[in-house]
Amino acid sequence: MKKQKQSSPLSRLIGYAGKYKGLLFSGLFLSAVAMILGMAPYVCIWLVIKDLIAAAPNWTQATQIGKYGWLAFAFAVGGILVYFAALMCTHLAAFRTASNIRKQGVAHLMKTPLGFFDNNASGLLRNRLDGAASETETLLAHNLADIVGTAAMFIAMLVLMFVFDWRMGAACVLAAIISVIAMFSMMGGKNAKLMMEYQTAQDVMSKAGTEYVRGIPVVKVFQQTVYSFKAFKQAIEDYSAKAERYTDGVCRVPQSVNLTFTEGAFVFLIPVALFLAPSALSSGDFAGFITNFAFYAVFSAIISTALARIMFAASGTMLANTALNRIDTVMNAPVLEIAKNPQKPNGNKVEFKNVSFTYEGAEVPALNNISFVADSGQTIALVGPSGGGKTTAASLIPRFWDTTEGKVEVGGVDVKQIEPHVLMDNIAFVFQNNRLFKTSIFENVLAAKPEATREEAYNALRAAQCMDIIEKLPDGMNTVIGSEGTYLSGGEQQRIALARAILKDAPIIVLDEATAFADPENEVLIQKAFAKLTKGKTVIMIAHRLSTVVGADKIIVLDGGRLVEEGTHEELKNNGGLYARMWDEYNQAAKWKIQSEVK
C-alpha cells in the first residue's frame, strides 16, 4: 500500500476496512441514532416536572406522569439496544480491519528484500504491525462510534439547551466551552508531538526488551547482568520519562480544569437563576421558570458524560494516528522491483559486473566496483578480513539487497530481470546460523520443497549425514525439535539445514560460513554432505577456515569492499599478497596449543 501523506488518519484507516466499510458506516449511523434516543428521556423529565408543578399541590391531577415515565423508559431501552447494535457493527468492522492491516503488512513484508530484516529487529516489526493494528481496533470499535455519537448528542444538546430557556442553556454551554479549551490544550498544538515521542520510546523499549531476553544465555554465562541490563533499563527510564512528562507536565492542570467545569456545570446555573427569578415572579411565570431550572439542573449532568466521550475519543484518535504512522513504516518498507517482462536464466553461471553497494545510511560502500565470474559447475570461494564484503557480495546473488551500481547476472540475465520466485528456485542457501522451526525434523526439511515425498526427505537427510541424528531421536523424523527436551547441537542443526538444501536441489549453492559452529566430528560429516550437495552445482562459498577453500576452482579475496586478488590457492599463495599472509597466519593459528609453564 502506498504511503498517503496528505490523507487523514481516519481516511487511511477506513481504507484498510475494505469491504467492511459498509458495516462500519452502519455502526456509526446507529451510534448517532442511539445518542439522540438517549436525549429523549430528558425531554420526558421536563414534561414530568412541568406536569407536577402545574398540578401542585394537587399531585393526583398530574395524570400524564405515568405515560411520560414509560415513554422515557422506552427511549432509554431503545437507545441501549440501538447502541448495542452499533457496537456490534463497529467491533466486527474493527476486528476485520485490524486483520486486514496484519495481512497486508505481512504480505508487504514478503515482498521486501531479506536484507531488510537484518536491520529491523523482529520484536520491533511485531510491535509496529501487530501491536499498532490492535490499537486501531479501539478507535474503530469504540472511539469513532463515540465521536459520531457525541457529535449527534451535542447537536441534540444544543437544540434542547436553547429550546426551553436560552440563557440557562448558554450557562451550560459556557462550562462545556471551558472544558473543550482545557482538553485542546492537552492534546492540540505542540503537545500532540509528545504522543509521537511516547510511541517512539515504546518502540525502543520493545526492541531492547526483545534483545535482552534473547541474550539472557550469554548474560548468564559471563555474569554481566547489570551491564547488559543497562540498555534495557535506559529504554524503560526513557519511556517512563516521556509518559511522566505528558501526564504530569502537560495534562495535570488542564485535566483538573476540565473535570472541575464539567462536573460543576450546575454552578453556572445558580447566578443565571438568581438573575432571572425576579422577572419570572413579576411576570407570573414562576412555575415555568422552576420547570426550566429543574430541567437544566438535571440536564447539566450529561455535559460531563459527553465531554468525557470527546476526550477519550480524541485520545484514541491520537493513539491511532501514531499507530498508523508506525504501520506506515512497515507498509513503506522497500520492495523488490519485479521486471515487467521477466527473463529466465540460461544455465547457472554467476557473474558480478562492476558491482558497488552501499547500505542505507552508510557513508562508505560495502562493495566497490567488483567484478568476477563463477562459471557453471565451478566452486568460487570468497575470503578476506572481517568486514571485507564477503557476505554482502553473496547476499546480492539472491537479491537480499539490490546493487547500488553495476549488476549481478545469473545464467546471463541480470537478477533484477528474473522473477523472484524463479531466482529463489535456482539458489539454495546454507548459512552459519540456520534457524530451525519448532516442528518435526521432517517438516523442517520439507520447508525447502513442500511437494516432496517422505522418501525424498529421508534421502536428503541421509545424504546430509543425518542418520545418526534420526536414529537417536525417539520418533525419528517425526521428532519435534524443542519438545520434551529434544535439542540439537549447532553442528546437528547445520546438517539438518544441509538436508534442506540437498532436497531443494538448486543449481546454485551459497554457503556462508556453513561450518562455523561445528565441532571437528560434525565438520567431517558436514564436509561429506557438502560433496553431495555441490556435485555439478555452481558454488559460492564464504569461509574463514582457509583449509576449506584449498580445492576451490577460484578464490576471490575481498578487503574493504574491493577485490584485491583472484586465482587458485597455489597461485595466490605464491603471489605473496594478502591471501598468502592470511594463509600463513591461519597455519600458525592451527598449530597453536595451550601450554603450561614448566618450572
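Below are the figures for this structure:
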{"quantity": "Hits in the stretch 396-445 (condition: surrounded by fewer than 17 Cβ atoms within 10 Å (Cβ to Cβ) and either under 27 Å from the mean Cα position of the chain (by Cα) or in a loop (DSSP other than H, G, I, E, B) (or both))", "calculated": "402, 404, 412, 419, 421, 424, 433, 435, 437, 438, 439"}
{"quantity": "Pairs where the first residue, in the stretch 37-57, is farther than 21 Å from residue 150 by Cβ and the second is surrounded by 19 or more Cβ atoms within 10 Å (Cβ to Cβ) and at pLDDT 75 or above, C-beta under 6 Å, 6+ apart", "calculated": "44/68; 47/68; 48/68"}
{"quantity": "For residue 79: the one exception among (1) assigned to a helix (DSSP H, G or I); (2) at pLDDT below 85", "calculated": "(2)"}
{"quantity": "Listing of helices (runs of 4 or more DSSP H) fully contained in the stretch 134-237 that carry 2 or more residues being modelled with pLDDT of 75 or more and not acidic (Asp, Glu)", "calculated": "144-164, 166-187, 191-214"}
{"quantity": "Flag for residue 319 being outside the structural domain of residue 273 (by TED's automatic domain parsing) and either modelled with pLDDT of 70 or more or in a helix (DSSP H, G or I) (or both)", "calculated": "no"}
{"quantity": "Matching option when the condition is of a type in the set (A, V, I, L, M), at pLDDT 70 or above, in the same structural domain as residue 174 (by TED's automatic domain parsing) and surrounded by fewer than 16 Cβ atoms within 10 Å (Cβ to Cβ), among 243, 273", "calculated": "243"}
{"quantity": "Among (1) within 25 Å of residue 291 (Cα to Cα); (2) modelled with pLDDT under 90 - the single one residue 74 does not satisfy", "calculated": "(2)"}
{"quantity": "Flag for residue 356 being farther than 27 Å from residue 101 by Cβ and in a helix (DSSP H, G or I)", "calculated": "no"}
{"quantity": "Subset of the stretch 362-385 [in contact (Cβ under 8 Å) with a residue 40 or more places away in the chain, of a type in the set (Gly, Ala, Ser) and surrounded by fewer than 20 Cβ atoms within 10 Å (Cβ to Cβ)]", "calculated": "371, 376, 377"}
{"quantity": "Identity of the residue in the stretch 335-375, hydrophobic (A, V, I, L, M, F, W, C) and under 18 Å from residue 387 (Cα atoms), that ends up modelled with the lowest pLDDT", "calculated": "362"}
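The values are calculated or read from the model by the stated rules, or taken from the named source; none is laboratory data. Computed from a prediction, not measured in an experiment: that's the story for all the values here. Backbone-built Cβ (ideal geometry, glycine too); neighbour counts: all protein chains shown.
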